[in-house]
Every structure is written in structure tokens, then in C-alpha cells.
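J.: Encoded as C-alpha cells, here's the structure I'll be asking about.
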Amino acid sequence: MIKLIKIDEDSRVPKYKQIVDSILQNIANGNLKINQKIPSINNFSEEFYMSRDTVEKAYNILKERKIISSIRGKGYYITRTKLESKVNILFLFNKLSAYKMKTYSSFINTLGANAHVDLHIYHCDETLFLNLLDKFEGAYDYYVITTHFKTDELKHLSFTDEVAKAIQRIPQDKLVIMDNIKIGLGSEVIKIYQDFENDIYNALKEGLTKINKYKRLILIYPEKAVYPYPRRILHGFRKFCVEHEINFEILSEVYDDMILKKGDLFITIEESDLVNLVKQIRDEEYVLGSDIGIISYNDTPLKDLLGITVMSTDFNEMGEIAARMILNKEKGEVKVPFNFIDRNSI
């Protein structure tokens with residue numbers, strides 16, 4: 001089997017990728033069959049005078065794609081030969097949330113049986129993100145990435161220099177940047193995004209008539225959230241309030257036993273702040289939607305059920321658009337709709 005592998009010493013293609021590509025090509029040509037044994041890492045590295053790390057990286061990529069598997073004490077074997085049946089996609093989310101999962105579910109449902117998707121969460125952590133990209137480099141047909149990171153002080157970052165370098169190593173025609181596109185990339189990249197500053201500004205304009213019935217507009221913007229939010233939300237909020245002469249205030253959380261006043265209208269971002277606020281309004285026997293209003297950021301099924309007015313990206317459409325562009329091999333940049341959804345809480 002070792003004679004089937006072709007390594008070009010003069011090629012600019014990394015050797016680990018040449019190993020992966022050569023094994024895949026031999027599978028496609030029928031030279032390698034299901035359950036066929038392939039050389040050990042040591043045998044491979046000795047035959048081609050390359051480091052064990054290089055061969056091990058190639059084998060790990062093939063294992064991630066379920067092309068090969070290892071049996072302790074016996075070696076490595078071909079476990080999948082139907083390579084053309086599915087598009088292999090790596091989906092990197094910064095966090096798990098109800099609305100993020102709406103996007104993921106929509107993405108999966110639109111792809112149907114045409115793709116295999118692996119989901120990984122990097123928790124806005126730069127090191128974890130970089131490790132995941134390094135581990136899965138060259139292993140997938142598409143990389144779908146949301147770019148939200150945090151500093152040590154829990155401030156939001158769209159990307160760091162190291163993140164930008166790592167993403168730029170991915171072939172642009174295999175890259176899908178979703179949600180936040182502040183990182184500069186070329187025209188071959190699929191981009192499906194929110195415009196955080198203008199989205200909140202325009203959504204509040206939609207609700208201006210009802211907002212004007214309240215005396216004060218209060219944004220609860222979590223300064224120390226484990227998963228920070230883009231500060232462009234703050235910029236759009238301030239811009240709206242100043243231009244429309246709205247009396248406003250910005251707080252970092254809904255405090256326990258907070259002083260509530262008739263005529264307050266709150267905008268909440270975190271779920272915990274929404275729950276705490278609704279509870280206090282009920283405990284104080286105010287009428288939600290009349291005495292005190294609430295607008296929540298990002299829609300979920302529970303907010304719909306409870307009748308909470310929201311400003312929200314269409315997360316279902318975000319997933320559908322990404323999947324459709326992959327299936328149709330489209331390129332380009334798409335702004336996802338952001339809507340003011342009026343319910344019973346204002």
C-alpha cells in the first residue's frame with residue numbers, strides 16, 4: 001500500500017495534506033478498500049523520511065472524517081470509502097443558546113442528507129478556537145465560523161491578530177463567516193451577518209410610537225457577561241435615543257430589589273435579566289406592557305410563548321441562507337433581516 005502514496009518534496013502543499021489527499025485519491029480510485037490495513041505512523045514516517053508529527057496530523061484528520069480508524073495493538077484501517085456522498089462541514093459556534101441553536105437546526109434541516117456537520121463550541125475563548133482550527137485544518141470541505149471573543153476583562157472582541165491569521169489560512173472558497181464579519185476577507189468567502197449598530201437603531205425606530213409612551217428607556221447591557229456582546233449594540237442604542245430625544249439610561253444588570261418606576265421601559269439582553277425583571281414587576285404588582293414595558297434582544301420560543309416584545313435577527317433564515325449558499329456553491333455577502341416583533345410587553 002505504501003507504494004500508492006505520492007509525496008512531492010518540491011510542492012508547496014504541506015506534507016500532512018499530501019498524505020491526506022493521496023489516501024483519499026486512492027480510495028476514490030478503488031486502490032484502497034474498506035477494512036484494508038494501512039501503514040503505522042512509524043512505518044510511514046520511516047518510509048518517507050518525515051516526522052511522526054506530520055504523519056500523525058494527517059491520520060488524525062482522516063480519523064476525524066471517519067475515513068480511517070485505529071485498533072489498539074493492530075493498527076490503522078480504512079473504515080469509509082464513500083467519499084462523494086456528503087459535504088463535510090465544521091461548524092464553530094462561540095456559545096450555545098436557544099437562538100444559536102435555531103440557526104444550527106435550520107442549517108442542518110436545509111442541508112438535509114447532503115452533508116455531515118460537526119458542531120464545536122469555543123466559548124469565546126481564543127486559545128480553544130485556535131486549537132480547534134489547528135486540529136481540524138484540512139479536514140473539512142467547509143468551515144462555518146462565528147467570530148465572537150472576549151478579553152481578560154470580559155470585553156467583546158470580533159477577532160484578534162492570531163485569530164485573523166488562523167482564519168486566513170483556510171482556503172477562502174471553503175470559508176463561511178456567520179453573524180459577525182468585522183474581520184476583513186475577500187470576495188470568495190460566504191458572509192451572512194448582522195449589523196449590530198444599525199440593527200438595533202432601525203428596530204427601535206420601528207417601535208418609536210410605543211416607545212414614546214414611556215418616560216425612560218433603560219438598556220441592560222451586561223458589562224461582565226461570560227459571553228460578551230458587541231459594543232456596537234450600545235452605539236446604536238445611544239444614537240437612537242439622542243436623535244429622538246429619548247430620556248435613557250444604561251445599566252449593567254437587573255439588580256435584586258431594583259427600584260422600578262411607572263413609565264420605565266427596559267431593553268434586556270441576557271435571559272437571566274429578563275427573568276429577574278419580570279419577577280420583580282409581578283412582585284411589585286405593576287402591569288407589564290402598561291405600567292412598565294420590556295423589549296428583549298434576540299427572540300426565542302419561550303419569549304414568543306410569554307408574549308415578550310423582541311428585537312431580533314431571523315436566526316432561522318441565517319441558517320437557511322448559509323446552507324443554501326453552500327449547496328448551490330454561491331459566494332457573496334448577505335445581511336440577515338432584523339425585526340421589531342411587537343407582542344404584549346409594551
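J.: Taking only region 53-84 into account, find how many residues are in a helix (DSSP H, G or I) and surrounded by fewer than 13 Cβ atoms within 10 Å (Cβ to Cβ).
T.: Count: 1.
J.: If the Cβ limit is 6 Å and pairs must be 6+ apart or interchain, which residue in region 335-346 that is under 19 Å from Leu302 (Cβ atoms) and touching a residue at least 60 places away in the same chain (Cβ under 8 Å) pairs with which residue that is among the hydroxyl-bearing types (Ser, Thr, Tyr) and open to solvent by less than 60 Å² (accessible area, probe 1.4 Å)?
T.: Qualifying pairs under 6 Å: Asp342/Thr309; Ile346/Thr309.
J.: While we're here: Return the residues of region 17-53 that are in contact with a Gly (Cβ under 7 Å, 6 or more places away or on another chain) and not small (Gly, Ala, Ser); say none if nothing qualifies.
T.: Passing the criteria: Lys17, Val20, Lys37.
J.: Show me the strands (runs of 3 or more DSSP E) entirely contained within region 261-346 in which 2 or more residues are open to solvent by less than 10 Å² (accessible area, probe 1.4 Å) and among the hydroxyl-bearing types (Ser, Thr, Tyr).
T.: Here the list reads 293-297, 309-313.
J.: From the set of residues in region 213-260 that are basic (Lys, Arg) and part of a loop (DSSP other than H, G, I, E, B), which is least open to solvent (accessible area, probe 1.4 Å)?
T.: So, considering only residues that are basic (Lys, Arg) and part of a loop (DSSP other than H, G, I, E, B), the one least open to solvent (accessible area, probe 1.4 Å) is Arg231.
J.: Can you find a residue in region 85-103 that is in a helix (DSSP H, G or I) and open to solvent by less than 10 Å² (accessible area, probe 1.4 Å)?
T.: Yes, the conditions are met somewhere in region 85-103.
J.: Got a sec? Which of Glu56, Glu46, Glu64 is without any contact (Cβ under 8 Å) to a residue 12 or more places away in the chain and not β-branched (Val, Ile, Thr)?
T.: It is Glu46.
J.: Turning to a different aspect of this structure: Within region 148-186, how many residues are closer than 18 Å to Met325 by Cβ, open to solvent by less than 50 Å² (accessible area, probe 1.4 Å) and either touching a residue at least 60 places away in the same chain (Cβ under 8 Å) or not hydrophobic (A, V, I, L, M, F, W, C) (or both)?
T.: The total comes to 6.
The values are calculated or read from the model by the stated rules, or taken from the named source; none is laboratory data. Owing to the predicted nature of the structure, the values given are computational and were not obtained by experimental measurement. Glycine also receives a Cβ, built like all others from the backbone with ideal geometry; neighbour counts cover every protein chain displayed. Surface areas here come from the heavy atoms of the whole protein model, side chains and all, with no ligands, DNA or RNA. Shrake-Rupley method; radii C 1.70, N 1.55, O 1.52, S 1.80 Å.
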